[in-house]
1. To the nearest 10 degrees, how steeply does helix 127-144 sit against the main Cα axis of the chain, on a 0 to 90 scale?
2. For the chain, what does -39500 (n - 2.57) per DSSP helix run (n ≥ 4), summed and divided by total residues, give at 222 nm, in deg cm²/dmol to the nearest 500?
3. Could you state, as a whole-number percent, how many of the C-alpha pairs of the chain are farther apart than 28 Å?
4. Starting from 0.36 nm per residue, how many nanometres of slack lie between residue 27 and residue 1 once their C-alpha separation is accounted for?
5. Under the definition of Cα pairs under 8 Å and six or more residues apart, what whole-number percent is the relative contact order of the chain?
6. Rounded to the nearest 10 degrees, what's the angle between the helix 41-97 long axis and the longest principal axis of the chain, both from Cα atoms, 0 to 90?
7. Could you work out how much longer the chain between residue 38 and residue 116 gets when fully extended? Use 0.36 nm per residue separation minus the Cα distance between them, nm to one decimal.
8. Which whole-number percent gives the relative contact order of the stretch 71-165, counting Cα pairs below 8 Å spaced six or more residues apart?
């Protein structure tokens, strides 16, 4: 239905343009001493529309060019965030598979990536939950490896992070 309405609208615009342009005897005269230039009204309308489209396209291009650094920064932050979530998921997977050294390494990697994002001023909304999860995963992996010092350290850090609002 929408396509039919667009088609009818397109036909209406074509009919209106044909009626206006077909019997238009108007002209525009440009006096530029020592010259006199005559244009048909149809050509002036087409040139004005073309000028509008060109200026609009140029302004959009300039706007897009000035937007590129912001988009590049956002893209880099998203890539770092994806890598961080991937490391956290890898830590959970390795922990469930019984590969505790790899699980602790992946959890520490996720924590380091989150800290790097936070230090760069691009803190993510769920950063606190990810830090707590990373410390808990590192504590569980250390517990399975019978490394009580690392386990207690990560457990305390997880409790401190969870207590902060």
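1. 30
2. Taking each H run of at least 4 residues, the total per residue is -28500 deg cm²/dmol.
3. Tail fraction, whole percent: 57.
4. 5.3 nm
5. About 13 percent, as a whole number.
6. 10
7. Gain in length upon complete extension: 21.4 nm.
8. Result for the stretch 71-165 is 26 percent.
Each reported figure results from applying straightforward, stated rules to the coordinates on display, with no laboratory input. Just so it is clear, the model here is predicted, and its values are computed rather than measured. Note that we place each Cβ from the backbone using ideal geometry, even for glycine, and neighbour counts take in every protein chain shown.
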